[in-house]
1. Look through B:102, B:121 and report the one residue that is open to solvent by 50 Å² or more (accessible area, probe 1.4 Å) and of a type in the set (Val, Ile, Thr).
2. Can you tell me how many residues within the stretch B:161-178 are touching a strand residue (DSSP E or B) at 6+ places or on another chain (Cβ under 6 Å) and surrounded by fewer than 13 Cβ atoms within 10 Å (Cβ to Cβ)?
3. Checking the structure you have, find out if any residue of the stretch B:129-140 is more than 30 Å from residue A:70 (Cβ to Cβ), assigned by the TED database to the domain that holds residue B:255 and touching a helix residue (DSSP H, G or I) at 6+ places or on another chain (Cβ under 6 Å).
4. Go through the stretch A:8-49 residue by residue and tally those that are at pLDDT 85 or above, of a type outside the set (A, V, I, L, M) and more than 18 Å from residue B:37 (Cα to Cα).
5. Considering only residues that are within 14 Å of chain A (Cβ to nearest Cβ) and either under 14 Å from residue B:116 (Cβ atoms) or open to solvent by 30 Å² or more (accessible area, probe 1.4 Å) (or both), which ones fall in the stretch B:183-195?
6. Please specify each residue of the stretch A:5-34 satisfying the condition of being among the hydrophobic types (A, V, I, L, M, F, W, C) and open to solvent by less than 40 Å² (accessible area, probe 1.4 Å).
7. For residue A:79, state whether it is surrounded by fewer than 20 Cβ atoms within 10 Å (Cβ to Cβ), closer than 25 Å to residue B:79 by Cβ and in contact with a helix residue (DSSP H, G or I) (Cβ under 6 Å, 6 or more places away or on another chain).
Amino acid sequence: MATLGAPLRTLRALLRELRHAAGRCYRDSPAYRHVLAAFRAHRVTSEKLCRAQQELHFQAVTYLCLLRSVREHEALHREYHGRGERSPQEVAGLVGFRLPQQPGGKG
Amino acid sequence: LPRPPPAAAGSCAVGPCGRRAYAPPAERKRFYQNVSISQGEGGFEINLDHRKLKTPQAKLFTVPSEALAIAVATEWDSQKDTIKFYTMHLTTLCNTALDNPTQRNKTQLIRAAVKFLETDTVCYRVEEPPALAELQKNEWDPVVAWAEKRYNVTIGSSTSILGPNIPASTKETFVSHLASYNMWALQGIEFIITQLKSLILSMSLIDRHITVEKAVLLSRLEEEYQIRRWGNVEWAHDYDLCELRARTAAGTLFVHLCSESSTVKHKLLQD
């Protein structure tokens, strides 16, 4: 089993990511409620090394990685990704021209 | 020429006509307010306002696991003004599992997955520079050893251009192990293998032996070495790193959610 760290830390980071993803009413989102319910349900166990608990924690860490990487990837995409070519209208506008309006279309 | 709809498109096909070759496709705006989940006959469905989400091939979007449905709903809900399909990895995976656009059956998927073992990243070693060879030995040998022990097989590694010589019994073992997963989970497994370029790292991840971050690091070991040597280029290296992490994490979560069945046993407290 991979070394995962403290479940509480994972939970807090996960809820923070969900807050970023959801927006204003993040506490009502199904993901928020599901994560909290899942963590609470697996908290009490009589076994010392509960396999289900570790599996859930691994899932939580994986989901946290997903949310975090998607957010970072989107930020990088916004900053660095090209915007593509300009449209003919924009190109004409660069030198102060406007494209002619042809009601019947070209040709 | 009309452009084909993007891979994770929702209910309507997007097809702007008469666009130039290098202009970016017109982005779909977010056309829904609320995203919710409902349970139907085949499983859990996603509702965008009152409309039911459909796959690119216009099938009803149904997933077997509630947690997976919630995660997909969160993806749709986290889109702000425009819908960025390239960030919705779980949705894409579900669409692939539902539509099976490459039309492969279970045997073909398993064969494609095990075929990767012949060109597995962690088995391909360099001889120079010596620092990189050492790094590969220290980082990759433990994972190969773990896989050999866990599955009781021989894999080994190689510095030749032909790669390692994988015995047929090893391939058989992996084939029969992968056969124990259902079709959905197999789509996910094949996806992870394609991303990480390694069957061993993928199995190590699915068996929860390593985390996603560690698997991605091991997959990109040479790149990390070169980055440490020559410097990091944010718009290329970090971009690729985040994308690989996102896809691998989505694949792993997908596999686990599609192959688990959770039951809650309540023990009565005895006073």
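The values are calculated or read from the model by the stated rules, or taken from the named source; none is laboratory data. Please read these numbers as outputs of a predicted model, since none were measured by experiment. Backbone-built Cβ (ideal geometry, glycine too); neighbour counts: all protein chains shown. Accessible surface areas use protein heavy atoms only, side chains included; no ligands, DNA or RNA. Shrake-Rupley method; radii C 1.70, N 1.55, O 1.52, S 1.80 Å.
1. Working: B:121 fails: open to solvent by 50 Å² or more (accessible area, probe 1.4 Å).
Going through B:102, B:121 in turn, just one is open to solvent by 50 Å² or more (accessible area, probe 1.4 Å) and of a type in the set (Val, Ile, Thr): B:102.
2. 0
3. yes
4. Going through the stretch A:8-49 one residue at a time, the tally reaches 9.
5. Residues satisfying the conditions are B:191, B:192, B:195.
6. The first filter runs over the stretch A:5-34 and keeps only residues among the hydrophobic types (A, V, I, L, M, F, W, C), leaving A:6, A:8, A:11, A:13-15, A:18, A:21-22, A:25, A:31.
Selection gives A:11, A:13, A:14, A:15, A:18, A:21, A:22, A:31.
7. Details: surrounded by fewer than 20 Cβ atoms within 10 Å (Cβ to Cβ): yes; closer than 25 Å to residue B:79 by Cβ: yes; in contact with a helix residue (DSSP H, G or I) (Cβ under 6 Å, 6 or more places away or on another chain): no.
No; evaluated as a whole, the condition is false for this residue.
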